[in-house]
Amino acid sequence: MTRIFFALFLILATSPAYSQELDFVYDVELHAKIVNVSVDNNGNLYLVSDKGLIYKYSSTGDSLLAFSPRKNASISLIEAGSGLRVFVFYQDFQEYILLDRFFRSSPHYSFNPAVIGFAALATISNDNNLWLLDQTDFSLKKYNIHANILEIETPLDLIIDPDNYNISFMKEYQNFLFVSDKQLGLFMFDNIGNYKKKIPVKGIEYFNFAGDRMYYMKDGYLIFMNLYNGALTGIPLPSKEEFNFVLVNGDRVFLISDNTLKIYEIIP
């Protein structure tokens, strides 16, 4: 845990190495506009449409399952990292559900209004509770879903300007919580909510992790950042194409536009 924290100080002084390329494999037509994504530990992809449907694809691009909610709603965040269950957050309804690997749904759960004012964003934690950004008092909260109580509360007004923020994604990984603000950069907290570091990489709407590396798209490149030594590796994205999301599993890279999934492999 400490090694990650100190390695991230190296990022500012490290230039990405560009020594790899993407080799096109094939593409998959998607019959929906994709607005959210996730990937599990087995390389299965979870693609969310603007209508709130969730499509599950294998790492080879085969369609596996589809989930249609009982009521139309926009999905604010999906997290499928464990592969055992999929967390789905609905900001508009202030609810979340948990899907098993066969897409069987749990009931819709809501938050205790005595401790959560308005969850602008929420994600599942490593101990199967929730991290939330509470917009009402502008704080980061750890929410116990079994007891419906707060475990941790961290005010954010001294870290992030409460009048000028645009938080788009959050994910816990290797006992750290990473929060992305498109305007300000990536913020890192430890697993008890203590603020650790801002990584000044702006314009990042979505990021994820593969092994010991964080990855994201930036300025026409797929960037990998090693969490332990701070090394950056950049791979050029296909020119003249715009992609909304990138997911990675091993040497396979999945680039998602509004309605197309393109599969590539990383080559030296």
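Computed quantities for the displayed model
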read-out: Tabulated pairs, the stretch 168-188, first free of Cβ contacts under 8 Å to residues at least 60 places away in the same chain and closer than 12 Å to Asn208 by Cα, second among the hydroxyl-bearing types (Ser, Thr, Tyr) and outside any strand (DSSP E or B), C-beta under 7 angstrom, 6+ apart or interchain; value: Glu172/Ser125
read-out: So Glu95, is it surrounded by fewer than 19 Cβ atoms within 10 Å (Cβ to Cβ) and closer than 18 Å to Ser125 by Cβ; value: yes
read-out: Tally, over the stretch 226-253, of residues that are among the polar types (S, T, N, Q), within 30 Å of Asn175 (Cβ to Cβ) and surrounded by fewer than 16 Cβ atoms within 10 Å (Cβ to Cβ); value: 1
read-out: Any hit, the stretch 159-170, residues being over 17 Å from Ala119 (Cβ atoms), under 17 Å from the mean Cα position of the chain (by Cα) and in a strand (DSSP E or B); value: no
read-out: Residue that is surrounded by fewer than 17 Cβ atoms within 10 Å (Cβ to Cβ) and either among the β-branched types (Val, Ile, Thr) or modelled with pLDDT of 95 or more (or both), where the choices are Ile267, Ile223, Ile204, Ile256; value: Ile267
read-out: Where Leu133 falls short, out of the listed (1) out of contact with any Phe, Trp or Tyr (no Cβ under 8 Å at 6 or more places or on another chain); (2) surrounded by fewer than 20 Cβ atoms within 10 Å (Cβ to Cβ); value: (2)
read-out: Some residue of the stretch 35-56 being assigned to a strand (DSSP E or B), of a type in the set (Gly, Ala, Ser) and either surrounded by fewer than 14 Cβ atoms within 10 Å (Cβ to Cβ) or at pLDDT 95 or above (or both); value: yes
read-out: Residue count for the stretch 127-155, restricted to those that are closer than 20 Å to Ile199 by Cβ and within 20 Å of the chain's Cα centre (by Cα); value: 3
read-out: Among (1) over 25 Å from Tyr215 (Cα atoms); (2) without any contact (Cβ under 8 Å) to a residue 12 or more places away in the chain - the single one Asp62 does not satisfy; value: (1)
read-out: Residue match in the stretch 124-145 (condition: part of a strand (DSSP E or B), farther than 30 Å from Leu227 by Cα and touching a strand residue (DSSP E or B) at 6+ places or on another chain (Cβ under 9 Å)); value: no
read-out: Residue within the stretch 173-185 that is closer than 26 Å to Asn36 by Cα, in a strand (DSSP E or B) and basic (Lys, Arg) present; value: no
read-out: Some residue of the stretch 159-170 being under 17 Å from Val246 (Cα atoms), of a type in the set (Phe, Trp, Tyr) and buried (at least 16 other Cβ atoms within 10 Å of the Cβ); value: yes
read-out: Qualifying residue in the stretch 148-156 (condition: modelled with pLDDT of 95 or more and in a loop (DSSP other than H, G, I, E, B)); value: yes
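The values are calculated or read from the model by the stated rules, or taken from the named source; none is laboratory data. Keep in mind that this is a model prediction, so the values were computed, not measured. Don't worry about glycine lacking a Cβ; one is built from the backbone with ideal geometry, like all the others, and counts go over all protein chains shown.
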